[in-house]
Amino acid sequence: MIHFDTNALIALPQWARRGQAVVKRVARGEAAAACALVWYEFLLGPLADGEADLAHAFLSGRIEPVGAEDAALAAKLFNAAGRRRTLKTDALIAALAIRAEADFVTINVTDFEPFIPHGLRLVPAEL
């Protein structure tokens, strides 16, 4: 399973044209998903016509809801990572990827590095 960050969803069209490794993994049948918060951020756009539909299809519609278990884990991650205000949203996004035991693909590696010691399997990516 691969969970995608907002910036990774934005990069999908470029990555597909270049045959980026995580796109190939999904093309070979590995499941892909995004948490509802990531999906919300992605939909804020701006998006080209049809871009949201393509991303949704790429994820096979797997937009993971945020539940109580995720909120509890995110709070633990936030506290363990130093309680920096900028980590609030990222802690929740990381919590869903950790709970799903998924690799987490992001371009903003430094934003998510504080969660690696707590189980986040970070997959750095570039544009």
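Assorted remarks:
- Applying the criterion of being closer than 17 Å to residue 42 by Cβ and out of contact with any strand residue (DSSP E or B) (no Cβ under 6 Å at 6 or more places or on another chain) to the residues of region 95-127, the residue that is modelled with the lowest pLDDT is 127.
- A single entry from 91, 57 fulfils the requirement of being in a helix (DSSP H, G or I) and surrounded by 15 or more Cβ atoms within 10 Å (Cβ to Cβ): 91.
- Just one residue in the set 74, 16 is among the hydrophobic types (A, V, I, L, M, F, W, C), at pLDDT 95 or above, farther than 15 Å from residue 106 by Cβ and part of a helix (DSSP H, G or I); that residue is 74.
- The number of residues in region 105-127 that are buried (at least 23 other Cβ atoms within 10 Å of the Cβ), under 12 Å from residue 4 (Cα atoms) and not polar (S, T, N, Q) comes to 1.
- Some residue of region 67-86 being more than 17 Å from residue 97 (Cα to Cα), of a type in the set (Val, Ile, Thr) and either surrounded by 15 or more Cβ atoms within 10 Å (Cβ to Cβ) or out of contact with any His (no Cβ under 6 Å at 6 or more places or on another chain) (or both): yes
- Meets criteria (closer than 15 Å to residue 97 by Cα, touching a residue at least 12 places away in the same chain (Cβ under 8 Å), surrounded by 15 or more Cβ atoms within 10 Å (Cβ to Cβ) and out of contact with any Ser or Thr (no Cβ under 6 Å at 6 or more places or on another chain)) for residue 11: no
- The residues of region 24-54 that are free of Cβ contacts under 8 Å to residues at least 24 places away in the same chain and surrounded by 14 or more Cβ atoms within 10 Å (Cβ to Cβ), listed by number, are 25, 43, 47, 52.
- Checked against (1) in contact with a Gly (Cβ under 9 Å, 6 or more places away or on another chain); (2) on the phi < 0 side of the Ramachandran plot, residue 112 passes all but a single condition, namely (1).
- Qualifying residues in region 77-88 (those that are in a helix (DSSP H, G or I) and of a type in the set (D, E, K, R)) - the one farthest from residue 41 (Cα to Cα): 85
- Lone qualifier among 27, 52 - being at pLDDT below 95 and over 21 Å from residue 120 (Cα atoms): 27
The values are calculated or read from the model by the stated rules, or taken from the named source; none is laboratory data. The structure displayed is predicted, hence computed values, not measured ones. Note that each Cβ is placed from the backbone with ideal geometry, even for glycine, and that neighbours are counted across all protein chains shown.
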